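K.L.:
Take a look at this one; I'll ask things after.
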Amino acid sequence: MPEIIEQPKETPFGNCTTLQRNKNPQTSCGLYSHIRGTNVSYGNVSSLAPSVKSFIEESVALCQPDEVHICDGSEMENKMLLRKMLDEGTIFPLPKYENCWLARTNPADVARVESRTLICTEQREETIPTPKEGVQGTLGNWISPSDFDRAIQERFPGCMKGRTMYVVPFSMGPLASSFSKIGIEITDSPYVVASMRIMARVGTSVLELIRKQEEFVRALHSVGTPSSGVVENPSWPCDPERTIILHKPSENLIVSYGSGYGGNSLLGKKCFALRIGSTIAKREGWLAEHMLILGITKPNGEKKYITAAFPSACGKTNLAMLNPSLPGYKVECVGDDIAWMKFDNEGVLRAINPENGFFGVAPGTSEETNPIAMATIFKNTIFTNVAYTSDGGVYWEGMESSLAPGVQITDWLGRPWTKESGKPAAHPNSRFCTPAGQCPIIDSHWEDPQGVPISAILFGGRRPAGVPLIYESRSWTHGVFVGAAMRSESTAAAEHKGKIIMHDPFAMRPFFGYNFGHYVQHWLSIENQGKVPKIFHVNWFRKSSNGKLLWPGYGENSRVLEWVLRRCSGERCYTDTAIGRIPAKGDLNLDGMQQVDYEELFSLPKQFWLEEVSQIRNYFGTQIGSDLPLEIYNELDELQERILKS
Ligand code: GTP
Ligand code: SPV
Ligand code: MN
């Protein structure tokens, strides 16, 4: 380790430790302090596995940073990163809370960019199904190996000039688990490093693991520099015009340029745990999914685990931290965004959360909707693009009741804001990045290397019309069809404009690492590996004809989970319908609720469902064609017949 001199220093936001780096560092063995002539300002190069060293060397040669920093995951290092971000104006302190920070991005860099997210394989068909002629494919973007190389050569050479290159060793999943996978992210963004420290297990112990196994996912990231050479907003450098997020599954390689935001830059999350992860999972016979994992305990003490796949900004974090309105029930959180699932030797499907933190949607999070999140996020958290209050705190849409009287609000763009401004104070995709271990209801098994046993899988989305609160699939194959047929209203999590109902199969449309038709085949084959969970579809977002939500959601969703549990223990508390099993009136516990229009909440308008079937048929036929397994077309035909007969 280079020698580090620690000096306490008084700062405008309290007492902070400054780390003065040794200009001429000696590593502990005194062997190596440069990589390709570039100064290693922090970290121990001599102890790196050869594969790691060559990844760094290649990246240095390409990106030409001023110096290299190999992250050890220590607290000292974190302080150093915070100091740098404060100096550069990337973050502001939030003195109202403990160790909390606010980052404001360039307003052109606020969400995932799906149109610039590509997967590289030799053959196009490996990555995406072949759409019908003249139809634009919507199930991912393919790039050829030569275009992949060109895209890198057009952007990366010299892109880190004047910057520090950080090397972040991270593990997706607890270090001791056989589920877990390791990665190295190389980035020029201290914000990314600080966020990765929260979202993944980062540090020296990961480098030690690599020395033993030599296998890791390589992830290269740069916020980039616009081709004009002018960085308009130095506190948040980025290059929106040339942003690109590339994946090469055959080499376990991720290359991301131009954006510092969320899934574009925290490469362990969507790029690794879902896109590369799903390709590894296919190969190795398991599932990498966009799912929360929760544990639910009944009043009699019986506990089950459930996973749920909802599209981005459709309620995973909220359900994962549910505060049940039903007396005697307890929900505990294992994860809020990603599940890796595989069968154990007894044929039980088990899941881990590969992440270490929550990168959650801020707007809508409040004492009323998600008190557990509110009890989690006000220490050790990086907020991005939320509004700021004059008492040193944060604010977003939904937090009205927590506002101290008389405070002034500054919006996410740094402008004075009042309710009359007519624009949201926080960006709709503003987020908190907070350690999962801080969640007061984190499950005691959340880091269990064996994972937790899964009893039920929920699919769901934002469906303002036609789709009931819950229905149960008739079989595993029917359940896979339900996942494949998922649709949901678009949200601010990506660049889509307006509220249109989009197809979002398995809530994975932006995250498939390979051809969706093959993905469905893989899901079907899972049934042969062990005892599969029951599959359900939920919709918290149905509206009445006058535009009002028919279901209060949030804590009241525990009533729906109770029904799921009863179905999992084989209780005959259902009635058959054309689309699947629903709770008959009286089967769903509504005790103590304000009036609920049960008939409307569960109505299945025949015209709506015929139209839905026709939309799905058109989608399957034009987007996936013969790549979609026949079983799924059969399920669609049978659904149509049942609706016609109903
Ligand atoms: P990603 O992190 O983007 O994957 O999103 P997510 O699926 O975790 O979504 P999240 O739980 O953060 O919810 C997003 C928005 O949906 C928030 O504004 C919530 O307030 C709202 N929401 C969540 N659950 C419910 C619910 O049960 N009913 C209603 N009406 N809104 C909900
Ligand atoms: C999502 O969009 O599904 C997220 C946020 O969880 S991001 O990390 O930006 O992908
Ligand atoms: Mn997500």
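K.L.:
Checking the condition away from ligand 3 (no atom under 16 Å from the Cβ), over 20 Å from Asp344 (Cα atoms) and assigned to a helix (DSSP H, G or I), which residue from Ser250, Ser235 passes?
P.N.:
Exactly one of Ser250, Ser235 is away from ligand 3 (no atom under 16 Å from the Cβ), over 20 Å from Asp344 (Cα atoms) and assigned to a helix (DSSP H, G or I), namely Ser250.
K.L.:
A further question on this structure: Among the residues of segment 542-558, write down those that are open to solvent by 10 Å² or more (accessible area, probe 1.4 Å) and either assigned to a helix (DSSP H, G or I) or within 16 Å of ligand 2 (Cβ to nearest atom) (or both).
P.N.:
Listed by number, the residues that qualify are Tyr554, Gly555, Glu556.
K.L.:
Filtering segment 429-453 down to residues that are within 16 Å of ligand 3 (Cβ to nearest atom) and among the polar types (S, T, N, Q), which residue is nearest to Cys568 (Cα to Cα)?
P.N.:
In this case the residue turns out to be Thr434.
K.L.:
So, restricting to strands (runs of 3 or more DSSP E) that lie completely within segment 57-156, which ones have at least 1 residues that are touching a Lys or Arg at 6+ places or on another chain (Cβ under 9 Å) and modelled with pLDDT under 95?
P.N.:
none
K.L.:
For segment 104-132, what are the residues that are buried (at least 23 other Cβ atoms within 10 Å of the Cβ), of a type in the set (A, V, I, L, M) and over 16 Å from Asp239 (Cα atoms)?
P.N.:
Ile119, Ile128
K.L.:
Among what's in segment 281-301 and is farther than 30 Å from Pro249 by Cα and in contact (Cβ under 8 Å) with a residue 60 or more places away in the chain, pick the residue that is most open to solvent (accessible area, probe 1.4 Å).
P.N.:
So, considering only residues that are farther than 30 Å from Pro249 by Cα and in contact (Cβ under 8 Å) with a residue 60 or more places away in the chain, the one most open to solvent (accessible area, probe 1.4 Å) is Lys298.
K.L.:
Shifting gears a bit: Which one of Asn264, Asn318 is in a helix (DSSP H, G or I), polar (S, T, N, Q), open to solvent by less than 20 Å² (accessible area, probe 1.4 Å) and within 16 Å of ligand 2 (Cβ to nearest atom)?
P.N.:
Asn264
K.L.:
Kindly check whether there is at least one residue in segment 466-484 that is under 20 Å from the mean Cα position of the chain (by Cα), modelled with pLDDT of 95 or more and over 29 Å from Asn106 (Cβ atoms).
P.N.:
Yes.
K.L.:
If we scan segment 326-346, do we find a residue that is touching a residue at least 40 places away in the same chain (Cβ under 8 Å), of a type in the set (S, T, N, Q) and either assigned to a loop (DSSP other than H, G, I, E, B) or within 16 Å of ligand 3 (Cβ to nearest atom) (or both)?
P.N.:
no
K.L.:
Which of the residues belonging to segment 598-625 are without any contact (Cβ under 8 Å) to a residue 60 or more places away in the chain and either touching a Cys at 6+ places or on another chain (Cβ under 6 Å) or within 27 Å of Ile128 (Cβ to Cβ) (or both)?
P.N.:
Listed by number, the residues that qualify are Glu611, Val613, Ser614, Arg617, Asn618.
Yes/no per residue for (1) within 13 Å of the chain's Cα centre (by Cα); (2) within 26 Å of Pro190 (Cβ to Cβ); (3) within 16 Å of ligand 1 (Cβ to nearest atom):
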{"position": "Ile276", "(1), (2), (3)": "no, yes, no"}
{"position": "Leu287", "(1), (2), (3)": "no, no, no"}
{"position": "Leu294", "(1), (2), (3)": "no, no, yes"}
{"position": "Thr297", "(1), (2), (3)": "no, no, no"}
{"position": "Lys303", "(1), (2), (3)": "no, no, no"}
{"position": "Asn323", "(1), (2), (3)": "no, no, yes"}
{"position": "Val334", "(1), (2), (3)": "no, no, yes"}
{"position": "Ile338", "(1), (2), (3)": "yes, yes, yes"}
{"position": "Pro354", "(1), (2), (3)": "yes, yes, yes"}
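The values are calculated or read from the model by the stated rules, or taken from the named source; none is laboratory data. Just so it is clear, the model here is predicted, and its values are computed rather than measured. We place every Cβ from the backbone using ideal geometry, glycine too, and count neighbours over all the protein chains shown. Side chains included, ligands, DNA and RNA excluded: accessible areas come from the protein's heavy atoms. Shrake-Rupley method; radii C 1.70, N 1.55, O 1.52, S 1.80 Å.
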